[in-house]
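Contents: one structure, followed by commentary.
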Amino acid sequence: MLERIHRGLIVSCQASEGDPLYGPDMMTRMAMAAKLGGAVGIRANGGEDIRRIKEATGLPVIGIVKRRYEGSDVYITATMREVVEVVAAGADVVAVDATSRMRPEGLTAAEFLRRVKQAFPHVLLMADVATVDEGVAAAAAGADLVASTMAGYTPYSPSGDGPDFALLRGLVEAVPVPVIAEGRIQRPEQARTCIELGCWAVVVGSAITRPQEITRMYAAALAQAGTAAPCAIGIDIGGTKIAAGLVDATGCIQARRVIPTPAAGKEAILAALPPLVEELRAEALARGLGLPAGVGVGAAGQVDVRRGTIRSGTPNIPNWSDVPIVEYLEQACGLPAWVDNDVNAMALAEGWFGAARGHENFVCLALGTGIGGGVVTGGRLLHGAWGGAAELGHMSVHLAGPSCNCGHRGCLEAYASGRGLVERMREALAAAPGSVRHGAPSLHPSARNPASLSAEMVFRWYRSGDPVAVAVVDRMVQALAVAVINIAHIFNPTIVVLGGGIVAHEPWLCAAVAARIRGAGIRSLVDPVAVVPAALREEAGVVGAAALCWTMMEQGGAK
Ligand SMILES: CC(=O)N[C@H](C=O)[C@@H](O)[C@H](O)[C@H](O)COP(=O)(O)O
């Protein structure tokens, strides 16, 4: 029997009294329809339903009897009376509540499970639990299967909108018997995730057999249509701060929350996100914007967009690798979620609301401490195999150039990022120490402490005509021009958007780069390319992360 249901879908066919579908005729039809759809088993409530469904479908049946007893909240096969009813009806598995709550006859779950096992050793016993501890205790007491059925239905277990993946993961790790995923599994991808987490089988009820609940979801969605501007939540996770915003359909941030990035790393950062989402969701409802379309996350580093994980993040955040952020947010917040690299998110923001509006083929370069890239081609972000494409800062623009922290030589980042610019200036000063003309060299901070050099200083000296700074900045512009020519040759964009902190302070760089590329390379590709500053500044991260939701939904990634 266990082999028959392995990795399969079990459909719960239950209707309580007062439900228009109540009664064994209707439930048997439901079960037959489920069988036609590929169900490998049925979960049914009550002796008559169990008997009829088993007879009509021939599928394995998990039987329960729901009955309420005064003085106890346990209602799924709560006493031996219900167990006898289920077994007598011919169920293959008897499922019982195995939570730690007070039972009607004053027994503990373990005592009850032991008695059931003793009375009916040939029937498989399934324990419906709400926590990992309850699952472990149930298996120790003789349960053959443990199911997450009660997660969110006891006062001490968290209840979200979707399945409790964290509980399932914990059960799979800790419980020595097969784990059945059950409870609030609403979409096929969620069911699939349960199997990928190691669950033995998946039970789905309401999303298949309770039409009133399915109808309610649709009706609620339609009620929002046209009455509220769609909005989305964007979260920009950086090394020093996490910025989250409620972004409306025009790209305006309606509400904003900023917190310092928790220094403790992965767990602490993840734990900080759901409260931000909750606050912004409440803002959305309070402002009449309706339920946010989803949560988009922009994160520095390498993001696996297919799996929704941060593969390896910024070194500024400890332990920020292999972070299953999408699954975590969906489970914790009950909203669809997406994640992408922060500069990809910035590119989306510029495409939806900024300098690249109306362009289908464009490239963004974000010039900050390092350099990130985002490529949009044919209206879509270019992701490569898993999302790592467009590391344009690590495009080499000089074969024999300085070595870069990526291990390569002559990367754009080594010339045109804040860090690269400072390093080049430091080298140049070391080669010509007396050359800072404006401002006495003795006062020159780098003369005393080269570590205090900043990109801002380099640009200040550049403006004052210092020949070393002029040469260093000129090389930066030249490197950017070579990069843009390469970009034009490879991607054939109509526009290249330069953003990030450096361009926000030095927007003239765009015109300087544009002047340098004219007449170079393949004319038909390079000449028409406009080089423009980003329109969205600090807000690009949050707006882009929100735009990620709309983009993914529009491009068929709706969840
Ligand atoms: C908590 C409780 O009483 N659960 C019951 C258990 O049999 C059923 O009402 C659920 O429909 C079943 O667990 C499947 O879950 P979902 O309908 O969420 O897919």
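The values are calculated or read from the model by the stated rules, or taken from the named source; none is laboratory data. Quick caveat, the model's predicted, so the values are computed rather than measured. Cβ atoms come from the backbone with ideal geometry, glycine included; neighbour counts cover every protein chain shown.
Summed over region 245-280, residues that are under 22 Å from residue 353 (Cβ atoms), touching a residue at least 24 places away in the same chain (Cβ under 8 Å) and of a type in the set (D, E, K, R) total 2.
For region 239-267, a residue qualifies if it is in contact with a Cys (Cβ under 9 Å, 6 or more places away or on another chain) and over 19 Å from residue 347 (Cα atoms), and exactly one does: 254. Pairs meeting the criteria (first residue in region 179-194 and farther than 18 Å from residue 213 by Cα and modelled with pLDDT under 85, second residue within 11 Å of the ligand (Cβ to nearest atom) and not polar (S, T, N, Q), beta carbons under 6 Å, at least 6 apart or on different chains) are lacking.
Quick one: in region 14-52, of everything that is among the acidic types (Asp, Glu) and out of contact with any Pro (no Cβ under 7 Å at 6 or more places or on another chain), which residue is farthest from the ligand (Cβ to nearest atom)? Looking at the filtered set, the residue picked out is 25.
Checked against (1) under 23 Å from residue 135 (Cβ atoms); (2) of a type in the set (Lys, Arg); (3) surrounded by 18 or more Cβ atoms within 10 Å (Cβ to Cβ), residue 117 passes all but a single condition, namely (3). Within region 489-544, the set of residues being at pLDDT 95 or above, touching a Phe, Trp or Tyr at 6+ places or on another chain (Cβ under 8 Å) and in a helix (DSSP H, G or I) comprises 543 only. Being among the aliphatic types (A, V, I, L, M) and within 16 Å of the ligand (Cβ to nearest atom) is true of residue 145. Quick one: is residue 144 buried (at least 21 other Cβ atoms within 10 Å of the Cβ) and under 26 Å from residue 88 (Cα atoms)? The answer is no for residue 144.
Residue by residue, here is whether (1) more than 16 Å from the ligand (Cβ to nearest atom); (2) touching a strand residue (DSSP E or B) at 6+ places or on another chain (Cβ under 8 Å); (3) farther than 16 Å from residue 149 by Cβ holds:
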position: 65; (1), (2), (3): no, yes, no
position: 72; (1), (2), (3): no, no, yes
position: 80; (1), (2), (3): yes, no, yes
position: 95; (1), (2), (3): no, yes, no
position: 99; (1), (2), (3): no, yes, no
position: 102; (1), (2), (3): yes, no, yes
position: 106; (1), (2), (3): yes, no, yes
position: 111; (1), (2), (3): yes, no, yes
position: 119; (1), (2), (3): yes, no, yes
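The one condition from (1) surrounded by 24 or more Cβ atoms within 10 Å (Cβ to Cβ); (2) more than 18 Å from residue 10 (Cα to Cα) that residue 72 does not meet is (1).
Just checking, how many residues over region 56-74 are closer than 17 Å to residue 27 by Cβ and in contact (Cβ under 8 Å) with a residue 24 or more places away in the chain? Total satisfying the criteria: 9. Residues in region 299-317: is at least one closer than 24 Å to residue 536 by Cβ, touching a strand residue (DSSP E or B) at 6+ places or on another chain (Cβ under 9 Å) and in a helix (DSSP H, G or I)? No; the residues of region 299-317 include none that is closer than 24 Å to residue 536 by Cβ, touching a strand residue (DSSP E or B) at 6+ places or on another chain (Cβ under 9 Å) and in a helix (DSSP H, G or I). The residue that is nearest to the ligand (Cβ to nearest atom), counting only those in region 163-208 that are acidic (Asp, Glu) and either over 16 Å from residue 328 (Cα atoms) or in a loop (DSSP other than H, G, I, E, B) (or both), is 182.
Considering region 209-239, the residues that are more than 20 Å from the chain's Cα centre (by Cα) and assigned to a loop (DSSP other than H, G, I, E, B) include one that is modelled with the highest pLDDT, namely 210. Among the conditions (1) modelled with pLDDT under 95; (2) more than 15 Å from the ligand (Cβ to nearest atom); (3) surrounded by fewer than 17 Cβ atoms within 10 Å (Cβ to Cβ), the only one that residue 88 does not satisfy is (1).
For residue 311, the criteria (1) closer than 21 Å to residue 165 by Cβ; (2) touching a helix residue (DSSP H, G or I) at 6+ places or on another chain (Cβ under 7 Å) hold in every case but one, which is (2). Close Cβ contacts (under 6 Å, 6 or more residues apart or on different chains) running from residues in region 322-343 that are among the aromatic types (Phe, Trp, Tyr) to residues that are surrounded by fewer than 24 Cβ atoms within 10 Å (Cβ to Cβ) and modelled with pLDDT under 90 comprise 338/552.
For the condition closer than 15 Å to residue 244 by Cα, surrounded by 24 or more Cβ atoms within 10 Å (Cβ to Cβ) and hydrophobic (A, V, I, L, M, F, W, C), what is the one hit in 345, 272? Exactly one residue qualifies, and that residue is 345.
Listed by first and then second residue, the pairs linking a residue in region 204-216 that is within 15 Å of residue 190 (Cβ to Cβ) to a residue that is in a loop (DSSP other than H, G, I, E, B) and more than 8 Å from the ligand (Cβ to nearest atom), with Cβ atoms under 8 Å apart and 6 or more places separating them unless they lie on different chains, are 207/187. Scanning region 357-374 for residues that are surrounded by 24 or more Cβ atoms within 10 Å (Cβ to Cβ) and either at positive phi or among the β-branched types (Val, Ile, Thr) (or both) yields a count of 2. Checked against the criterion of being out of contact with any Asp or Glu (no Cβ under 8 Å at 6 or more places or on another chain), assigned to a helix (DSSP H, G or I) and of a type in the set (Asp, Glu), region 468-482 contains one or more residues that satisfy it.
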